[in-house]
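Student: A single structure is presented below for examination.
FYI, it's all coordinate maths here, none of it is from the lab. Nothing here was measured: the structure is a model prediction, and the numbers come from that model. Note: ideal-geometry Cβ built from the backbone for every residue, glycine included; neighbour counts use all protein chains shown.
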Amino acid sequence: PSFQSKLKNGLSKLGLPKEIVEFIVNVIGGSGDLKIPEARGSIAAIRDEPFFIPLYELYLTYGGIFRLTFGPKSFLIVSDPSIAKHILKDNPKSYSKGILAEILDFVMGKGLIPADGEIWRVRRRAIVPALHQKFVAAMFSLFGDATDRLCKKLDAAASDGEDVEMESLFSRLTLDIIGKAVFNYDFDSLSVDTGIVEAVYTVLREAEDRSVAPIPFWEIPIWKDISPKLKKVNTALKLVNETLDNLIAICKKIVDEEELQFHEEYMNERDPSILHFLLASGDDVSSKQLRDDLMTMLIAGHETSAAVLTWTFYLLSQEPSVMAKLRNEVDSVLGDRFPTVEDMKKLKYTTRVINESLRLYPQPPVLIRRSLGDDILGKYPIKKGEDIFISVWNLHRSPHHWEEADKFNPERWPLDGPNPNETNQNFSYLPFGGGPRKCIGDMFATFETVVAVAMLVRRFDFQLAISAPPVKMTTGATIHTTEGLKMTVTRRQRAPVIPNLEVSNMNVDSSLNIQEADQKDEVSSAIS
Ligand code: HEM
C-alpha cells in the first residue's frame, strides 16, 4: 500500500469524518489517491481538424494533465511544464517511446528515435560526437548551395509569372540537405524526380499515415499481403534500404583506404557526412543498426525543417512588419553574400523569427512516451504502461505562460537575451524536446532554417497567391498544410543594401568559403 493509503487507514481508525481524512491526506500525502481528471467522451469533435486542436480545448477545460479514453484505450495528455520536465528530464529512465516505437518500427527499426534502454544509450553516445562544431560549420556551404538552387527555381517562376507551392519545395530543399549531411547522397530532388526521391516520399507518407491511423491496418493478416498500397510501400522501402546499404558499403571502402587519424573533430573534407564520421570512428555496429540510424536521421531532419520553413513563410506573409524588420537585418548583415557560421551570431532577429515559428508550430506537435513503472505525475500516481502524449502545442500556446499566445511576435524574446530553449523557459517552450532524448540536430536545423530564410527573403517578395486555398493544418508526424502553401513570388524590387566593400566584391552565386585557418575559433565563438 502507498503512503497515502496507509495514512488514510490510520486516520480513519481514529474515527475522523471521511471529508477531514481526505483533506489531511491531500495536504500531507500529496493526494495519492486522487484521480486524474477524465475527458471521457469529449473527443467527438475530432474529425476535420488535426487531433491536437481538440486536445487544446480539453486542456483549457481539464488542465495540465487529463485522461482521454477511447473504448478500451486511454491516454494521458500532459500540457503542464513541470510534468513535462519530470518525464523528459528528471525521470526519463522510467519512460519509453511506446506507441511511437511500434509505429515506426517498419522504417526506423532500432534507430535513435524509437530505440530505448541500452541500445539507445550506446547509439546516442556514438552518434552525437559526429555533429561536432567543425561539421556544423562545414554544412553552411551545403545550406547555401541548396538554397541557391531553390532561388534559381523561384527566379524562373517569377519570370514566368507562375505561382509556386512552397511546402513541397521546402520539403525538397531539406531532403537535398539532409541526404548530403547524413550520408553524402545527392538526392537533387529540387532538380529531378528520381525513383529514389519518390521512394523516400512513399515511405515518409506511410510513416505519417500510420502515426494518425485509428487502427494498425498494416498488421491485419490478409490485408497485409494484398493491399496495393502496402506493396508499394514495401517496394519503396526495399529501394531506400538498398540505397543506404550501398552507401554504407561504398563509404566503408573509402574509409578503409583512407589514411586517417581519427580525433574528436575528425572530418573528411570531401565527405563531411555523419556516416563517414561514424565509420571512421570505428563505430562497432551492425550494418542494420547503422542503416536504422541513418534512416532515422533522414526522416527526423527532413520533414521537421521543411515544416518550420513552410510555417515561417506563412507567418511572415501574415505579418509584413516582421518581414520588414527581418529584411533590414538580413540586408545589413549579409548584403547578398552567402551566410557563414559567424553570421549566425549577428542574424539575431532572423533566429527569433525561427524561434517564434517553432513556438506556434512545434514539429512534432506532441511527444509520445509510455511509463515503464509506477510514477507520480504532478499530484497523481500513475501505473506502469500508461501511454502519454506531451502536447508541445498546448505548452507553446498556453494562455497561462504566454502573452497573446497566438500572436506571431518574435519580439517576445529580446535580441540581447539568450536564445530561448527548454531550460531557460522552464519547459514552457521545448521546440527540440528536452533531457537526454533532446534532438541531436537542434543547432544544425536552426542554422539551416536561418540560412534558408535569410537567402530567400533578401531576393524575393512572398505573398499568398490570390488563388491560394485557405491555409489549414493537418498532421502526420509534423504539421502540414491541407492543400499546400501557394505563393506568388516576385523578385524583390529594392536593391539590397551592401554592408561593406569587402563582402560586396564576393560573387553572389559562388559557393561559400569558410576560411579554413580560422574556422574552428569562429565556429566556437559563434556557437557559444
Ligand atoms: C529528436 C525536433 C531536426 C535528429 C527530436 C525531438 C524533437 C525534435 C522535438 C525530441 C523527440 C522526443 O523527445 O520524443 C526537431 C525539429 C527539427 C529537428 C523541430 C528541425 C527544425 C533534426 C535534424 C536531425 C534530427 C536535422 C538530424 C541530424 C533527431 C534525432 C532525435 C531527435 C536522432 C532522437 C534523439 C534521441 O532520442 O536520442 N527532434 N528536430 N532532428 N532529432 Fe530532431
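Student: By per-residue mean of other Cβ atoms within 10 Å, what is the highest-first order of 280-288, 428-436?
Tutor: Per-residue mean Cβ counts within 10 Å order the peptides as 428-436, 280-288.
Student: Moving on. Excluding the sites themselves, what is the longest stretch of the chain that contains no GluC sites (Glu not before Pro) in a DSSP loop with at most 16 other C-beta atoms within 10 Å?
Tutor: Here the longest segment lacking exposed loop sites spans 1-161.
Student: With r as the distance between the Cβ atoms of residue 74 and residue 125 and R0 = 41 Å, compute the FRET efficiency 1/(1 + (r/R0)^6) and round to 0.05.
Tutor: 0.70
Student: How would you classify the chain from its alpha-carbon gyration tensor, with a ≥ b ≥ c the square roots of the eigenvalues: rounded for a/c under 1.5, else prolate if a/b is greater than b/c, otherwise oblate? Before the final figure, lay out each step's value.
Tutor: Working: a/c = 1.70, a/b = 1.48, b/c = 1.15.
Judged from the Cα gyration tensor, the chain comes out prolate (a/c at least 1.5, a/b above b/c).
Student: Roughly what % of DSSP beta bridges within the chain run antiparallel, to the nearest 5?
Tutor: 80
Student: Continuing with the same structure: How far is helix 117-127 tilted off the main Cα axis of the chain, in degrees rounded to 10, range 0 to 90?
Tutor: Approximately 20 degrees, to the nearest 10.
Student: In the P(r) worked out for region 131-280, what percent of Cα pairs fall beyond 25 Å?
Tutor: Summing the P(r) of region 131-280 above 25 Å gives 46 percent of all pairs.
Student: Mind checking the angle between helix 195-212 and the chain's longest principal axis? C-alpha axes, 0 to 90 degrees, to the nearest 10.
Tutor: Relative to the chain, helix 195-212 is tipped by roughly 20 degrees.
Student: Also: Hey, with R₀ at 22 Å, roughly what FRET efficiency would residue 209 and residue 372 work out to, going by the Cβ-Cβ distance, to 0.05?
Tutor: E(calc), rounded to 0.05, equals 0.20.
Student: How far apart, in nm, are the 7 Å Cα→Cβ label points at residue 38 and residue 165?
Tutor: Result for the modelled spin labels: 4.5 nm.
Student: In nm, to one decimal, how far is the residue 270 label point from the residue 345 one, both placed 7 Å along Cα→Cβ?
Tutor: So the label points at residue 270 and residue 345 sit 3.4 nm apart.
Student: Find how much the distance from residue 285 to residue 102 grows on full extension, using 0.36 nm per residue of separation minus their present alpha carbon separation; answer in nm with one decimal.
Tutor: Details: separation 183, 0.36 × 183 = 65.88 nm, distance 2.24 nm.
Stretched fully, the residue 285-residue 102 segment lengthens by 63.6 nm.
Student: What is the angle, in °, between the Cα long axis of helix 133-160 and the longest principal axis of the Cα atoms in the chain? Nearest 10 is fine, range 0 to 90.
Tutor: 70
Student: Listed here are the pairs 6/93; 153/348; 325/407; which of them are more than 21 Å apart at the Cα? Mind dumping the intermediate values first?
Tutor: Numbers: 6/93 28 Å; 153/348 28 Å; 325/407 16 Å.
Flagged as over cut-off: 6/93; 153/348.
Student: Rule-of-thumb check for region 238-345: C-alpha Rg over 2.2 N^0.38 Å?
Tutor: 1.51
Student: Using alpha carbon centroids, what distance separates region 184-232 and region 93-112, in Å?
Tutor: The distance from the Cα centre of region 184-232 to that of region 93-112 comes to 18 Å.
Student: Apply 1/(1 + (r/R0)^6) to the Cβ-Cβ distance of residue 132 and residue 222, taking R0 = 56 Å, and write down the FRET efficiency to the nearest 0.05.
Tutor: 0.70
Student: Follow-up question, since we're still on this one. Of 152/253; 229/383; 238/472; 89/134, which pairs sit farther than 30 Å apart, going by alpha carbon to alpha carbon?
Tutor: 152/253; 229/383; 238/472, as the Cα separations exceed 30 Å there.
Student: Any idea how far the Cα center of region 338-380 sits from the one of region 381-416, in Å?
Tutor: Here the answer is 10 Å between Cα centres.
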